[in-house]
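Okay, structure first, notes after.
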């Protein structure tokens with residue numbers, strides 16, 4: 001399988017007119033990635049609360065960016081998300097991820113979404129390196 005980046009990713013793609021356009025920072029030495037952003041009310045589920053699917057997508061995306069520090073490209077094989085507290089819309093949040101293990105083509109990553117120092121959601125991902 002071959003994967004291509006056409007800059008249209010819903011989370012980080014600058015060409016997607018309805019996407020979040022999250023700017024994700026990567027630290028290859030630390031095998032990590034992070035982004036700070038404000039999620040607009042356009043992406044709410046219940047009034048004033050970010051939809052859980054958006055939270056999962058953000059955590060997934062930052063996991064993939066962290067995973068690409070050890071093997072490029074990677075795709076998500078499994079994502080386990082834990083919602084701890086509601087995430088309010090229109091507030092600054094940070095999503096971050098860290099590679100915790102790699103066995104052959106499988107990369108394990110842990111991620112979290114925080115606001116004001118509190119963890120509001122977390123995820124564990126198993127990513128698979130794609131062979132071209």
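The values are calculated or read from the model by the stated rules, or taken from the named source; none is laboratory data. The shown structure was predicted, so the numbers you read here are calculated from the model rather than taken from an experiment. Glycine gets a Cβ as well: all are built from the backbone with ideal geometry, and neighbour counts include every protein chain shown.
Screening residue 21 against (1) free of Cβ contacts under 8 Å to residues at least 24 places away in the same chain; (2) surrounded by 16 or more Cβ atoms within 10 Å (Cβ to Cβ) leaves a single unmet condition, (2). Taken over region 33-47, the criterion of being surrounded by fewer than 16 Cβ atoms within 10 Å (Cβ to Cβ) and out of contact with any strand residue (DSSP E or B) (no Cβ under 6 Å at 6 or more places or on another chain) is satisfied by 40, 41, 42, 45, 46, 47.
Here residue 50 fulfils each of the conditions (1) in contact with a helix residue (DSSP H, G or I) (Cβ under 8 Å, 6 or more places away or on another chain); (2) over 15 Å from residue 114 (Cβ atoms); (3) buried (at least 16 other Cβ atoms within 10 Å of the Cβ) apart from (2). Taking each residue of region 47-60 that is at positive phi and in a loop (DSSP other than H, G, I, E, B) and looking for partners that are at pLDDT 95 or above and crowded, with 17+ Cβ neighbours inside 10 Å with beta-carbon atoms closer than 9 Å, six or more apart or interchain, yields 48/89.
The set of residues in region 101-114 being surrounded by 13 or more Cβ atoms within 10 Å (Cβ to Cβ) and modelled with pLDDT of 95 or more consists of 102, 106, 107, 108, 109, 110, 111, 112, 113, 114.
Could you check region 69-80 and list, in sequence order, the residues that are touching a strand residue (DSSP E or B) at 6+ places or on another chain (Cβ under 6 Å) and surrounded by 19 or more Cβ atoms within 10 Å (Cβ to Cβ)? The one that is touching a strand residue (DSSP E or B) at 6+ places or on another chain (Cβ under 6 Å) and surrounded by 19 or more Cβ atoms within 10 Å (Cβ to Cβ): 74. Of all residues in region 1-18, those being farther than 24 Å from residue 111 by Cα and in contact (Cβ under 8 Å) with a residue 40 or more places away in the chain number 2. Filtering 54, 24 for residues that are under 24 Å from residue 128 (Cα atoms) and out of contact with any strand residue (DSSP E or B) (no Cβ under 8 Å at 6 or more places or on another chain) leaves a single hit, 54. Screening residue 117 against (1) loosely packed, with under 14 Cβ neighbours inside 10 Å; (2) under 16 Å from residue 54 (Cα atoms); (3) without any contact (Cβ under 8 Å) to a residue 24 or more places away in the chain leaves a single unmet condition, (2).
Within region 24-38, the set of residues being in contact (Cβ under 8 Å) with a residue 24 or more places away in the chain and under 21 Å from residue 110 (Cβ atoms) comprises 24, 26, 27, 28, 30, 31, 32, 33, 34, 35, 36, 37.
Of all the residues in region 65-102, those that are touching a residue at least 24 places away in the same chain (Cβ under 8 Å), out of contact with any helix residue (DSSP H, G or I) (no Cβ under 7 Å at 6 or more places or on another chain) and either within 27 Å of residue 47 (Cβ to Cβ) or assigned to a strand (DSSP E or B) (or both) number 14.
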